[in-house]
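Data first, discussion second: the structure below is written as structure tokens.
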Amino acid sequence: MKVALVGCGQMSRGWLDACAKIDDLEIVALVDLDLAAAKRQAAAFELADVLCGTDLAAVLEATHPDIVFDVTVPAARHGVVETAIGHGCHVLTEKPMATSLADARHFIDLAAAKGRVHAVVQNRRFLAGIRRLRRFVESGAIGALTAVHCDFFIGPHFGGFREDMDHVLLLDMAIHTFDAARYVSGAVPKAVYCHETNPKGSWYRTGAAANAIFEMSGGVVLTYRGSWAAEGLRTSWESVWRLVGENGTLTWDGADGFAAERPIGRTGLLSEETSIEIPPLDPGDRIGGHEGVIRDFLDALRGGRTPECPGTDNIRSLAMVLGAIRSAETGHRVTYNDVMELSA
């Protein structure tokens, strides 16, 4: 399948690295407002025959790709997705899928009207650790899930647009954990309360840290504590996780460290605990981060099925982010009734 990739900044490297590993995919165009950036990536990835341009519509008319990969900053999302679908292309887009729920609904409706597939790169779902967490929950080894707790503390100095973004942690990073928590738990968001700060010493303009409590379906509570201005003793980029069930607990350090225990009896104040084995990956699980997402998307197009991260589902993860932002701005608990009705 022929692909035009839009947005040739730093994030595009992960996409292009993944594409280089997929034989039946051809990059035919690189588009960026900075033509030099497109040409640099073409040279870096030895894409000698690729068309580099600054005008997406003109490039699409010249190359007629099947798919557009949208790797632009969130503010550019609306124009890119509209143009791509308007030219008959399927779209795989960076997160967040939109900067508003109205835009997200518009993209869903537009893709449906044009018979195109619109999906979002939630590459954390395609990590082995996240897959194993979900398998563990599905196994029932600790009974019904009651709580998911995620901690994220890292101090990256990106430079560029992120350091000037509003709500930078919630909008640009926390969506990974929120989406993964939805995937692992199988629960949908009902309400959120969030407190956002910009800690002393932060090199971000605003919103580098947040604490959120989500009420999820099935009585599950999700807590998120995060900061992008936390130097020292950093967590994994995937967060540190604690899953609490009716009959035990699992922890994951975001890398290779898993541990799980359940009670086997009690003679005093505390129960005696025994370790639980963490199931391995299912043979059918697709992993590989960006590569996994892209392969799933291509297979879905060929097979006429829905990819794993369609916009119709990802709007719930976007709603979690935007609801948390609204709560942080107002100081009030925010519910998700309208989004749940839309996504039912």
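Every residue, every condition in (1) aliphatic (A, V, I, L, M); (2) in contact with a helix residue (DSSP H, G or I) (Cβ under 8 Å, 6 or more places away or on another chain), yes or no:
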residue: V59; (1), (2): yes, no
residue: D66; (1), (2): no, yes
residue: F69; (1), (2): no, yes
residue: V80; (1), (2): yes, yes
residue: I85; (1), (2): yes, yes
residue: G88; (1), (2): no, yes
residue: V91; (1), (2): yes, yes
residue: A104; (1), (2): yes, yes
residue: L110; (1), (2): yes, yes
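Considering the stretch 17-43, and only residues there that are under 16 Å from G288 (Cβ atoms) and either out of contact with any strand residue (DSSP E or B) (no Cβ under 7 Å at 6 or more places or on another chain) or β-branched (V, I, T) (or both), the residue that is surrounded by the most Cβ atoms within 10 Å (Cβ to Cβ) turns out to be A18.
Matching residues to (1) at pLDDT 95 or above; (2) among the aromatic types (F, W, Y):
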{"position": "W228", "(1), (2)": "yes, yes"}
{"position": "R234", "(1), (2)": "yes, no"}
{"position": "L250", "(1), (2)": "yes, no"}
{"position": "R286", "(1), (2)": "no, no"}
{"position": "E291", "(1), (2)": "no, no"}
{"position": "C309", "(1), (2)": "no, no"}
{"position": "R326", "(1), (2)": "no, no"}
{"position": "T330", "(1), (2)": "no, no"}
{"position": "D338", "(1), (2)": "no, no"}
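The residues listed here are S317, S271, S275; of these, the one that is in contact with a Phe, Trp or Tyr (Cβ under 9 Å, 6 or more places away or on another chain) and among the polar types (S, T, N, Q) is S317.
On the basis of being surrounded by fewer than 19 Cβ atoms within 10 Å (Cβ to Cβ), touching a strand residue (DSSP E or B) at 6+ places or on another chain (Cβ under 6 Å) and in contact (Cβ under 8 Å) with a residue 12 or more places away in the chain, does D164 make the cut? No.
Sub-8 Å Cβ pairs linking a first residue in the stretch 4-29 that is on the phi > 0 side of the Ramachandran plot to a second residue that is assigned to a strand (DSSP E or B), at least 6 apart or interchain, are G7/V31; G7/D70, ordered by first then second residue. Residue-level check: of (1) under 21 Å from G186 (Cα atoms); (2) of a type in the set (D, E); (3) in contact with a strand residue (DSSP E or B) (Cβ under 7 Å, 6 or more places away or on another chain), E272 misses just (1). Scanning the stretch 125-136 for residues that are buried (at least 21 other Cβ atoms within 10 Å of the Cβ) and either among the polar types (S, T, N, Q) or touching a Gly at 6+ places or on another chain (Cβ under 9 Å) (or both) yields R125, F126, G129. With the condition kept exactly as written, say whether any residue in the stretch 195-212 is on the phi > 0 side of the Ramachandran plot and modelled with pLDDT of 95 or more. Taking every residue of the stretch 195-212 in turn, at least one turns out to be on the phi > 0 side of the Ramachandran plot and modelled with pLDDT of 95 or more.
Scanning the stretch 2-17 for residues that are of a type in the set (A, V, I, L, M) and modelled with pLDDT of 95 or more turns up V3, A4, L5, V6, L16.
Matching residues to (1) outside the structural domain of D253 (by TED's automatic domain parsing); (2) within 25 Å of I276 (Cβ to Cβ):
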{"residue": "M97", "(1), (2)": "yes, no"}
{"residue": "L101", "(1), (2)": "yes, no"}
{"residue": "A112", "(1), (2)": "yes, no"}
{"residue": "S139", "(1), (2)": "no, yes"}
{"residue": "I142", "(1), (2)": "no, yes"}
{"residue": "H167", "(1), (2)": "no, no"}
{"residue": "A180", "(1), (2)": "no, yes"}
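Considering the stretch 184-254, the qualifying strands (runs of 3 or more DSSP E), each wholly inside and each with 2 or more residues that are farther than 22 Å from N123 by Cα, of a type outside the set (V, I, T) and touching a Lys or Arg at 6+ places or on another chain (Cβ under 8 Å), run over 189-197, 209-216, 248-252.
The number of residues in the stretch 214-236 that are over 18 Å from the mean Cα position of the chain (by Cα) and surrounded by fewer than 17 Cβ atoms within 10 Å (Cβ to Cβ) comes to 8.
Quick check on Q10: is it outside any loop (DSSP other than H, G, I, E, B) and among the polar types (S, T, N, Q)? No, not satisfied.
Of all residues in the stretch 146-161, which are surrounded by fewer than 23 Cβ atoms within 10 Å (Cβ to Cβ) and in contact with a strand residue (DSSP E or B) (Cβ under 9 Å, 6 or more places away or on another chain)? Give the steps one after another, and end with the answer.
Keep residues of the stretch 146-161 that are surrounded by fewer than 23 Cβ atoms within 10 Å (Cβ to Cβ), which gives 146-147, 149, 151, 153-161.
Within the stretch 146-161, T146, A147, H149, D151, F153, I154, G155 meet the criteria.
So, in the stretch 167-178, of the ones that are touching a residue at least 60 places away in the same chain (Cβ under 8 Å) and touching an Asp or Glu at 6+ places or on another chain (Cβ under 9 Å), which residue ends up nearest to I315 (Cα to Cα)? That would be H176.
Within the stretch 280-332, the set of residues being of a type in the set (K, R) and surrounded by fewer than 13 Cβ atoms within 10 Å (Cβ to Cβ) comprises R302, R305.
The values are calculated or read from the model by the stated rules, or taken from the named source; none is laboratory data. The model shown is predicted, which means the values in this text are computed figures rather than measured ones. Note: ideal-geometry Cβ built from the backbone for every residue, glycine included; neighbour counts use all protein chains shown.
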